[in-house]
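This report concerns only the one structure given below.
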Amino acid sequence: MTNRKKNSTAVQASSSKFIFWVIGLIVICILGFIFLGNHSKQKEQTKEAIDYSGQPYLGKKSASVSIIEFGDYKCPNCKNFAENVVPLIEKEFVKTGKAKFYFMNDSFINVDSTRSAKFAEAVYKELGNDTFWKFHELLYKKQPKDSKYEKMDIYDEAFLTSTLKEIASEDDTKKVLDTFRAKITDAEWQKDMDYAAKLGVSGTPTIFVNGKLFEGQTIGDLKTMVDKAAKEKNNE
């Protein structure tokens, strides 16, 4: 992918990176990442030191492996990933204590992407990790299925506020709204964006395991990478 401007082609390109098939009642999960354009920077980087402090995550602090998803709340493939793949990651790695799962923003589709990401950062700061993940899941659940909404400005302040009110009190929602309007957590959002640029992320969702790019295609491939990362960590 050579161009990540705020248009639909960026999302279409990201679809070539992630394939998910549902056949009847049997769910076959495939994490397909076909990278377009020049990724020499990623190939040269075998591992990148990442500061995970202040980032929302699922799992135990003691887990030696950290899985990161770079995502965009307006991205249809990220919605698919959140609804169908993250539960498998939770079952296989998070609940077993093998890994922690982080979400970092790569907001590139349109103004909705940035606004919702910054609002979610405010939710995390004011209401904590658990409420953040509830809000995170709700945003993806509410993502319109029709692609015509992709470039439309629909995730406005009123939408984000009403969405939060579904899981938080009036007082808590006001705290988040005040923090969002004051741009207190914009730096946290920018931190994610800087990492996405530094790591050469070119579409969403993109996965890293202990700072290394995941280029596999299946949950089995991810398990192999997580197990290898755990052994490397234990041998340090």
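Let's see how each residue does on (1) farther than 21 Å from Ala196 by Cβ; (2) touching a residue at least 12 places away in the same chain (Cβ under 8 Å):
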position	(1), (2)
Gly97	yes, yes
Asp112	no, yes
Glu121	no, yes
Pro144	yes, no
Thr163	yes, yes
Glu170	yes, no
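Restricting attention to region 85-107, does a residue exist that is farther than 30 Å from Glu232 by Cα and surrounded by 16 or more Cβ atoms within 10 Å (Cβ to Cβ)? Checked against the condition, which is being farther than 30 Å from Glu232 by Cα and surrounded by 16 or more Cβ atoms within 10 Å (Cβ to Cβ), region 85-107 yields at least one hit.
Collect the residues in region 180-191 that are of a type outside the set (D, E, K, R) and within 22 Å of the chain's Cα centre (by Cα), keeping them in residue-number order. Even if it seems obvious, please write down each step before you answer.
Initial filter on region 180-191 (of a type outside the set (D, E, K, R)): 180, 182, 184-185, 187, 189-190.
Answer for region 180-191, where residues must be of a type outside the set (D, E, K, R) and within 22 Å of the chain's Cα centre (by Cα): Phe180, Ile184, Thr185, Ala187, Trp189, Gln190.
Among residues of region 164-215 being in contact with a helix residue (DSSP H, G or I) (Cβ under 6 Å, 6 or more places away or on another chain) and polar (S, T, N, Q), the one that is nearest to Lys100 (Cα to Cα) is Asn210.
Here's the yes/no breakdown for (1) within 24 Å of Gly128 (Cβ to Cβ); (2) basic (Lys, Arg); (3) touching a Pro at 6+ places or on another chain (Cβ under 6 Å); (4) buried (at least 18 other Cβ atoms within 10 Å of the Cβ):
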site	(1), (2), (3), (4)
Thr161	yes, no, no, no
Ile167	yes, no, no, no
Thr173	yes, no, no, yes
Thr179	yes, no, no, yes
Tyr195	yes, no, no, yes
Val201	no, no, no, yes
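Among the residues making up region 62-115, those that are of a type in the set (Phe, Trp, Tyr) and in a loop (DSSP other than H, G, I, E, B) are Tyr73, Phe108. Among the conditions (1) surrounded by 17 or more Cβ atoms within 10 Å (Cβ to Cβ); (2) aromatic (Phe, Trp, Tyr); (3) modelled with pLDDT of 50 or more; (4) closer than 20 Å to Gly211 by Cβ, Phe35 misses just one, which is (3). Of a type in the set (Val, Ile, Thr), over 15 Å from the mean Cα position of the chain (by Cα) and closer than 16 Å to Leu58 by Cβ: is that true of Thr96 in this structure? So Thr96 fits the description; yes.
The values are calculated or read from the model by the stated rules, or taken from the named source; none is laboratory data. What you see is a predicted model; the values in this text were computed from it and never measured. Backbone-built Cβ (ideal geometry, glycine too); neighbour counts: all protein chains shown.
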